[in-house]
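Trainee: Please see the structure below; I have some questions.
The values are calculated or read from the model by the stated rules, or taken from the named source; none is laboratory data. Note that the structure is predicted; figures quoted are calculated from it, not measured. Every residue, glycine as well, gets a Cβ built from its backbone with ideal geometry; the counts of neighbours run over all protein chains shown.
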Amino acid sequence: MRGLQRWIGPTVATVAAMVSCNTALAHVTVQPKDAPANSYAHLVFTVPHGCNGSATTALRIRLPDGILSAKPQMKQGWKVDIKSRKLDAPAQGPHGKSITDVVEEVAWRGGPLPDNLYDTFGLIVRLPDKAGQTLYFPVVQECEQGVDRWIEIPSAGESSDKLHSPAPAVRLKAKQ
Amino acid sequence: MRNLARAAWWWLLAVVLLPSAAWAHASLIASNPADGVLLARAPSTLTLTFNEPVEPLTIRIVDQSGASADVTQIRRDGAQLVLTPPTTLGDGAHVISWRVISADGHPVGGSTTFWIGWRGVNAPQVVRSDDMLLRGAIWLVRLAIYLGLFVGAGGAFFVAWMRGPSTPAMRAIGNVVNSVALAALALSVGLQGLDALALPLSSLLDLDVWIVGAHGSFGLSAAIAAAALLLALLSHRASGALAKVMSLGALVGVGLALATTGHAATASPRWLTTPAVFVHGVALTFWIGALAPLALAMRGPRQTTVNVLTRFSRAIPFAVAALLASGLLLAIVQLERLDALWTTSYGRVLAFKLALVALLLAIALWNRLYLTSRIERARLKSRRHMRRTIVAELVLVVGILGIVGLWRFTPPPRALTVAAVPFFTHLHTGQMMADITVSPGHAGPINIAIQLRTPDEQVLSAKGVSVTLSSADNGIEPSTAEAQSLGGGQWRVSMAAPVAGRWTLTLDVLISDFDQLHAAAPILIN
């Protein structure tokens, strides 16, 4: 019994590692995959490889509509650019503040991040109160040679598994 | 808790130990033969180079008839797959359709097309290389061939049939233009090969270049032209009936050589255009061929001059009428509409040629109506006059032939719009509309023209358009190319659909850095 118990851990871990390696890490992805609506979330974007073997020099993320505040992570060796846009009509912020400008695009430039290493890029956002919806964060990965665009959004009823370069997505679930 | 911590460590270890290349989908970096190339001979092995080592799933070679053969002899060499085709590949198109598993366990597919011997059926001969030196050489060689055919073979015919003066000067002219043209003809095969393979002049010594050049209608035309030039050379050395037969053969040969290849002779309907080019060529050869012997006759005895002139004057109206009628017919077929005469480079070449031809006709008319009657009335000075105007005509002819040689580099409007019946389809999604024209609509190299609009009929501006073609029916995996913008929402790309049947065309339209529209439509290739 003890012998069996000793093996459960490694087995589960190896399977988990293989599953996590398989499809998810072939793409630029976001964690967590679902988060409570109408709350703050710490999103982590993983860049698992370069563009066709070339080192990554920039990661640009466009934020979906409905995100009223966003704060990118500071990273050693990367310069952060925050691009804002004016809202058509001022929106009510979470603390009763009126908001006129929202972050449209966040970009980390620098590196270069070699193809054989990975890195993560953090973003704290306030998610909108739209439980059940999926938010897409299209990502442009710029490299020393070439660009990979993780911007494909599945059409209604289509699974994103079939897409070649799907945009990272977060599903909003009801707040507990 | 301790178990959990240990599991976490194992997880980390496993992640680190899994092959480091396992993080990306494999993608094809290069292939040999490269996509779209034309080869002279069948390659014994094919290579696919990926960005990481891959495991082949299915790799097949599909030829233009749709027959597919699985490749079973596959050697792995690092990130390369070296394939040995199951049989020797024949002429025409071949698609390598591959499906492999990348190290991350994802199957990835793609295809690449190459051609052996020739590219497509009756693909219009449009210069592919931008090499000015090569273009200049092609033009000069063509001019030399024209002069040999028209002045040389035409001159031999005139001497034999219209009893033109068979003087040493005439024979010398014939020998020179015919010999130069024969050499130019040989060289033209190599230049044609260089052009087809898109190689520079420095590769002229490569045997493959000559094999490709001699392929198809161009090689056949060159062989007929060479025979015509040889007959013309020999007819100068013969006399009487033999010379007549030989020079007639040369004249017919010129017409056949011209009618075998080129834009005009291969335009549709061919039952009309091929004979028209033949008639145009024969009439032209008769006229131009007469000029040198006539100029020389002006120096001979007066009675001979008058006799030759009379015979020529009787025959030439028929030749000119045939020339103009066939020329008009070909111009209508090639241009399709009048404004193409100044809006296309083909039309501008034609307009310039017509202007010079009008000048030539005016001089000829002056000779015929004014000078000829004066010579008949024995005015001494008029013969010198006539000789000068004929030499002027010859100079003008060289100019016209030089301009005609430029057509080698300008596809006619007809070929630009339709080489055959194009395939048209309209795509409509919630965010865009696309008019897609695939021409020609039959198997081979194809041009895809795309007009993008928004659903409310406005021009849809895009940053980039990539087009993917695949044919599940033919077992051909997708192949993708980037289209080029022509402005105004118009995009164009050249690809290959070498097998007839149902294909799927997929459009990925990049609207901004982060927005992409996607649509797919079935395409029928005959």
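Trainee: Scan the range A:63-81 and tell me whether some residue there is among the β-branched types (Val, Ile, Thr), under 23 Å from A:GLU152 (Cα atoms) and in a strand (DSSP E or B).
Mentor: There is no residue in the range A:63-81 that is among the β-branched types (Val, Ile, Thr), under 23 Å from A:GLU152 (Cα atoms) and in a strand (DSSP E or B).
Trainee: Of B:ILE511, B:ILE523, B:ILE446, B:ILE450, which residue is more than 14 Å from chain A (Cβ to nearest Cβ), touching a residue at least 12 places away in the same chain (Cβ under 8 Å) and closer than 27 Å to A:TRP150 by Cβ?
Mentor: Selected residue: B:ILE450, the only one of B:ILE511, B:ILE523, B:ILE446, B:ILE450 that is more than 14 Å from chain A (Cβ to nearest Cβ), touching a residue at least 12 places away in the same chain (Cβ under 8 Å) and closer than 27 Å to A:TRP150 by Cβ.
Trainee: Checking B:ALA462 against (1) surrounded by 21 or more Cβ atoms within 10 Å (Cβ to Cβ); (2) away from chain A (no Cβ under 14 Å), which test does it fail?
Mentor: Failed condition: (2).
Trainee: I would also like to ask the following. Tally the residues that are surrounded by 12 or more Cβ atoms within 10 Å (Cβ to Cβ) and within 14 Å of chain B (Cβ to nearest Cβ), restricting the search to the range A:75-102.
Mentor: The number of residues fulfilling the criteria is 2.
Trainee: Something else: Would you tally the residues in the range B:78-111 being away from chain A (no Cβ under 14 Å), surrounded by 17 or more Cβ atoms within 10 Å (Cβ to Cβ) and in a loop (DSSP other than H, G, I, E, B)?
Mentor: Residues flagged as away from chain A (no Cβ under 14 Å), surrounded by 17 or more Cβ atoms within 10 Å (Cβ to Cβ) and in a loop (DSSP other than H, G, I, E, B) within the range B:78-111 amount to 2.
Trainee: Output the residue which, of all residues in the range B:33-47 that are without any contact (Cβ under 8 Å) to a residue 60 or more places away in the chain and closer than 19 Å to B:GLY109 by Cβ, is nearest to the other protein chains (Cβ to nearest Cβ).
Mentor: In this case the residue turns out to be B:THR47.
Trainee: Moving on to the next point. If you take the residues in the range B:488-526 that are under 29 Å from A:GLU105 (Cβ atoms) and β-branched (Val, Ile, Thr), which one is farthest from the chain's Cα centre (by Cα)?
Mentor: Step by step, filter the range B:488-526, then rank; the result is B:ILE511.
Trainee: Run down B:PRO445, B:PRO455, B:PRO413, B:PRO440 and say which single residue is in contact with a helix residue (DSSP H, G or I) (Cβ under 7 Å, 6 or more places away or on another chain) and either modelled with pLDDT of 85 or more or crowded, with 18+ Cβ neighbours inside 10 Å (or both).
Mentor: Answer to the selection: B:PRO413.
Trainee: A follow-up question, please. What number of residues within the range B:138-188 are basic (Lys, Arg) and outside any helix (DSSP H, G or I)?
Mentor: So the answer is 1.
Trainee: Considering only the range B:67-109, state which residues are modelled with pLDDT of 80 or more and at positive phi.
Mentor: Hits for the range B:67-109 are B:GLY78, B:GLY92.
Trainee: Same structure, new question: I'd like the full set of residues that are without any contact (Cβ under 8 Å) to a residue 24 or more places away in the chain and under 35 Å from the mean Cα position of the chain (by Cα), limited to the range B:384-398.
Mentor: Residue satisfying the conditions is B:VAL395 alone.
Trainee: Something else about it: Which of the strands (runs of 3 or more DSSP E) contained wholly in the range A:103-176 include at least 1 residues that are of a type in the set (D, E, K, R) and within 11 Å of another protein chain (Cβ to nearest Cβ)?
Mentor: Ranges flagged: A:139-143, A:147-150.
Trainee: Follow-up. Out of B:GLY148, B:GLY164, B:GLY174, report the one residue that is modelled with pLDDT of 90 or more, crowded, with 20+ Cβ neighbours inside 10 Å, touching a helix residue (DSSP H, G or I) at 6+ places or on another chain (Cβ under 7 Å) and not acidic (Asp, Glu).
Mentor: B:GLY148
Trainee: Yes or no: A:GLU105 touching a residue at least 60 places away in the same chain (Cβ under 8 Å), within 17 Å of the chain's Cα centre (by Cα), more than 19 Å from A:LYS33 (Cα to Cα) and surrounded by 15 or more Cβ atoms within 10 Å (Cβ to Cβ)?
Mentor: For A:GLU105, the condition - touching a residue at least 60 places away in the same chain (Cβ under 8 Å), within 17 Å of the chain's Cα centre (by Cα), more than 19 Å from A:LYS33 (Cα to Cα) and surrounded by 15 or more Cβ atoms within 10 Å (Cβ to Cβ) - is not met.
Trainee: Among B:ILE29, B:ILE59, which is surrounded by 18 or more Cβ atoms within 10 Å (Cβ to Cβ) and in a strand (DSSP E or B)?
Mentor: Only one candidate passes the filter, namely B:ILE59.
Trainee: Please go through (1) at pLDDT 85 or above; (2) surrounded by fewer than 19 Cβ atoms within 10 Å (Cβ to Cβ) for B:TYR370 and return the number of the only condition it doesn't satisfy.
Mentor: Evaluating B:TYR370 over (1) at pLDDT 85 or above; (2) surrounded by fewer than 19 Cβ atoms within 10 Å (Cβ to Cβ) leaves (1) as the failure.
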